[in-house]
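Colleague: Sharing a structure with you now.
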Amino acid sequence: MIISVLAVFAYFYPDKIMAKNAERSFIMVKPDGVQRGLISDIMKRFEQKGFKLVAAKIMKADNELVKQHYIDLKDKPFYPGLCSFISSAPVFPMVWEGLNVVKTGRDMLGETDPAKSKPGTIRGDYCIQIGRNIIHGSDSVETAKKEIALWFKEEELVDWKLSGYENIYE
Ligand code: DAT
Ligand code: MG
């Protein structure tokens with residue numbers, strides 16, 4: 001019964017279903033991940049999962065941008081050191097799109113502390129300490145919107161259709 005109601009909904013409101021599949025997350029390889037040559041391994045995981053790459057660039061972020069990015073942590077003792085580390089060398093920010101990409105992206109990253117991250121997750125596989133945990137991922141859809149707007153200009157977000165779409169989504 002529920003299935004057939006959903007099917008009817010999907011038939012009449014395909015845009016609503018598409019919108020859910022178009023959720024976006026801001027994922028960024030931090031300087032430690034860039035220097036260790038992990039960009040391609042990280043991109044590969046998101047690409048092979050079925051998510052769509054909407055934007056990516058290599059850049060050196062100035063301290064003000066990084067301070068804004070981590071503004072919620074401004075009272076933490078590690079905030080100054082974190083901001084100076086992230087602005088010390090190139091980072092690789094990206095935008096990935098897909099159904100539940102924010103939550104799934106966080107699961108793919110693992111825990112904030114690599115020591116608590118399971119093998120198979122990015123932090124579980126590639127790093128050891130919290131201050132060198134190689135990757136950032138948005139923690140909510142709202143945060144993702146703010147972070148994407150902070151790091152990317154609208155024209156840098158590429159609008160395209162994944163040709164394999166029908167083999168990823170039912
Ligand atoms: P996450 O990156 O998993 O969203 P967060 O937003 O709490 O974690 O913290 C942002 C980054 O700050 C985190 O990736 C690494 C650093 N960090 C967090 N807690 C820390 C701590 N106790 N000591 C040192 N660095 C820390
Ligand atoms: Mg966070």
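Colleague: Roughly how many nanometres apart are two label points built 7 Å out from the Cα toward the Cβ at Arg132 and Ile39?
Modeller: In this crude spin-label approximation the distance works out to 2.1 nm.
Colleague: Another question, if that's okay. Would you work out which of Ser40, Tyr70, Met59 lies farthest towards the positive end of the dipole of segment 33-73? Charges go on Cβ: Lys and Arg +1, Asp and Glu -1.
Modeller: Ser40
Colleague: Related question: With point charges of +1 on the Cβ of Lys and Arg and -1 on the Cβ of Asp and Glu, referenced to the Cα centre of segment 40-170, which listed residue (Ser163, Leu99, Cys127) lies farthest in the positive direction of the dipole?
Modeller: Cys127
Colleague: Within 10 Å of each candidate Cβ there may be at most 13 other Cβ atoms; applying that plus a DSSP loop requirement, which chymotrypsin sites (Phe, Trp or Tyr not before Pro) in segment 62-122 survive? Please list the in-between numbers first.
Modeller: On the way: sites: Tyr70, Phe78, Phe85, Trp96; in loops: Tyr70, Phe78.
Loop-located and lightly packed - Phe78.
Colleague: Do any trypsin sites (Lys or Arg not before Pro) in segment 37-99 lie in a loop, going by DSSP, with at most 14 other beta-carbon atoms within 10 Å of their beta carbon, and if so which?
Modeller: Working: sites: Lys44, Arg45, Lys49, Lys52, Lys57, Lys60, Lys67, Lys74; in loops: Lys57, Lys60, Lys74.
Here the sparse-neighbourhood loop sites are Lys57, Lys60, Lys74.
Colleague: Label Lys145 and Ala19 with points 7 Å out from Cα along Cα→Cβ: what is the distance between them in nm?
Modeller: Each label point is offset 7 Å from its Cα along the Cβ direction, giving 1.1 nm.
Colleague: What FRET efficiency, computed as 1/(1 + (r/R0)^6) with R0 = 30 Å and r the Cβ-Cβ distance, is obtained for Tyr79 and Val158, rounded to the nearest 0.05?
Modeller: The calculated FRET efficiency here is 0.35.
Each reported figure results from applying straightforward, stated rules to the coordinates on display, with no laboratory input. What you see is a predicted model, and the numbers here were worked out from it, not measured in a lab. Methodologically, a virtual Cβ is constructed for each residue, glycine included, from the backbone with ideal geometry; neighbour enumeration extends over all protein chains shown.
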